[in-house]
1. Restrict the check to the stretch 151-171 and report whether at least one residue is closer than 21 Å to Ala372 by Cβ and among the small types (Gly, Ala, Ser).
2. Please go through the stretch 372-386 and pick out each residue that is among the aliphatic types (A, V, I, L, M) and touching a Cys at 6+ places or on another chain (Cβ under 9 Å).
3. Looking at Ile356, Ile371, which is the one that is at pLDDT below 90 and either in a loop (DSSP other than H, G, I, E, B) or touching a His at 6+ places or on another chain (Cβ under 9 Å) (or both)?
4. Can you pull out the helices (runs of 4 or more DSSP H) entirely within the stretch 31-150 that have at least 1 residues that are more than 28 Å from Pro362 (Cβ to Cβ)?
5. Pairs needed: first member in the stretch 310-326, under 15 Å from Leu207 (Cβ atoms); second member anywhere, part of a loop (DSSP other than H, G, I, E, B) and among the aromatic types (Phe, Trp, Tyr); C-beta distance under 8 Å; at least 6 residues apart or different chains.
6. Quick check on my filter: what residues within the stretch 327-377 are without any contact (Cβ under 8 Å) to a residue 24 or more places away in the chain and of a type outside the set (A, V, I, L, M, F, W, C)?
7. Looking at Leu275, is it under 23 Å from Gly307 (Cα atoms) and either part of a helix (DSSP H, G or I) or touching a strand residue (DSSP E or B) at 6+ places or on another chain (Cβ under 9 Å) (or both)?
8. Select, from Ile153, Ile173, the only residue that is surrounded by 13 or more Cβ atoms within 10 Å (Cβ to Cβ), in contact with a helix residue (DSSP H, G or I) (Cβ under 7 Å, 6 or more places away or on another chain), within 30 Å of Val66 (Cα to Cα) and touching a residue at least 24 places away in the same chain (Cβ under 8 Å).
Amino acid sequence: MVIPFEMSEERPKRLISLDVFRGITIAGMVLVNNPGTSPTYWPLEHAEWHGLTPTDWIFPFFLFIVGVSISISLGKTKGTSEKGYGKILRRTVVIYLLGASISILPFFQFQATDAPDWLKLAIWLTFCASLFLLLLRKFVLSGVLCGIGLLGIAGMNLAGYNVVSYDYSTFRIAGVLQRIAACYLVTAIIFLHTTWKQQLSISAAILLAYWAAMTLIPVPGCEVTSLNDKACNLAAYLDRLILTENHIWRYGKVYDPEGILSTLPAVVSTISGVLAGTWLLRRRNDGGESGTFAASYEKAAGMFFFGAVLLALGLIWNSWFPMNKALWTSSYVLATTGLALTFLGCCYWLIDLKGIRRWAWPFEVFGANAIALFVFSGFFARMMNGYRVADGEKTISLHGWVMKNVFLPIAQPIDASWMYAVSFILFWLFLMWLLYRKSIYIKV
């Protein structure tokens, strides 16, 4: 059963290497988002500001994969673009709303409410079930459960519990899924109306213009505009001006890592995936049909070659425009695109050319329901941090209780954090396998 709610290629013959690459990427994203505690090993942390760690590869890899999927799923509508607009707009809205829902469900502050824990948990799970049914397109049942959840909140109020409603004045407008939605929308429209050469030109123009804007335009209120200053750079200034400080990432305080201006070079990360997808679908030299997958050593060699070139260019540009994920600098785009091409090339060579795929089974499972994994693991993590249990004379979060009683007694904090993260991703591998074995694919 295919539930049409995830960006994915819609052709009879799937590119398995892309599914595996998507699975590796989303598994990495969930892993680094859910450490047991601080500190963690450096590969599982973002660079403090400038620099590049393996964790910083993950988000641009996902945007790159979105781009590859665009070239595959929208390829048949190119030239008749009006047929693709409905699909593009629906996907954009759904992805953005999923990102927003991670922040606001269950419409009240879980930790700040003095209702019994079992009641808060029941209401939380009701909203989660409602969202799951919405993804399955069971609109009536989803609405019924959402209504029950809202009645539960109203009931807590009537019972005299201190129900602290969600503070929408601090709602974060940007976010990971929100940026994916924006990049998907812009890139899909560009794809429908341009050739690959025009897409390449647009990408180069954006990266150069972003470099010039970030280094040459003075920032109001700052004596010196500097990329080394988290507040005194143009991207951070526009985030504070347009989104306002109340609606940006609370840990960033003066900037949002998924902010407005930095979304422009993020679009280039997505366009790079489109170009890679076009390369993979190009007509074979033997006259094969254009737009079909044909395993080819020439295509693998091309991905390795261009991957190495882009990585080298990114490292060179880093001297003038440092790699920085929060600012999504142009050198960061080139370097991570080069790495993405290399990773996809490795998967393509191993799986599609050599047929070696047994090792990739867990990542096929993750890749089959990537957006569902990200959304529901995000809700689950919020529940683990918000649901409180007794710990002597005080209460602690369920997350904290598990760390204190399961992992910290058997390992040092840094190892316990790693063990928790691995256990978390294995738990979700089991849940995603239950969907996979029933051929249930939740797609946007």
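The values are calculated or read from the model by the stated rules, or taken from the named source; none is laboratory data. Note that the coordinates shown come from a computational prediction; the quantities given were computed from them, not determined experimentally. No Cβ is skipped: glycine too gets one built from the backbone with ideal geometry, and neighbour counts run over all protein chains shown.
1. Filtering the stretch 151-171 down to residues closer than 21 Å to Ala372 by Cβ leaves none.
Among the residues of the stretch 151-171, not one is closer than 21 Å to Ala372 by Cβ and among the small types (Gly, Ala, Ser), which makes the answer no.
2. Our first condition is that a residue be among the aliphatic types (A, V, I, L, M); within the stretch 372-386, this holds for 372-373, 375, 381, 383-384.
Selection gives Met383 alone.
3. On the way: Ile371 fails: either in a loop (DSSP other than H, G, I, E, B) or touching a His at 6+ places or on another chain (Cβ under 9 Å) (or both).
Just a single option satisfies the conditions, and that option is Ile356.
4. Numbers: elements: 55-73, 82-104, 117-135.
Of the helices (runs of 4 or more DSSP H) lying wholly inside the stretch 31-150, those with at least 1 residues that are more than 28 Å from Pro362 (Cβ to Cβ) span 82-104, 117-135.
5. Asn324/Trp49
6. Step one: of the stretch 327-377, the residues without any contact (Cβ under 8 Å) to a residue 24 or more places away in the chain are 331, 346, 354-356, 358-359, 361.
Once the filter is applied, which keeps residues that are without any contact (Cβ under 8 Å) to a residue 24 or more places away in the chain and of a type outside the set (A, V, I, L, M, F, W, C), the stretch 327-377 yields Ser331, Lys354, Gly355, Arg358.
7. Values: under 23 Å from Gly307 (Cα atoms): yes; either part of a helix (DSSP H, G or I) or touching a strand residue (DSSP E or B) at 6+ places or on another chain (Cβ under 9 Å) (or both): yes.
Against the criterion (under 23 Å from Gly307 (Cα atoms) and either part of a helix (DSSP H, G or I) or touching a strand residue (DSSP E or B) at 6+ places or on another chain (Cβ under 9 Å) (or both)), Leu275 qualifies.
8. Numbers: Ile153 fails: within 30 Å of Val66 (Cα to Cα).
Every option except Ile173 fails the conditions.
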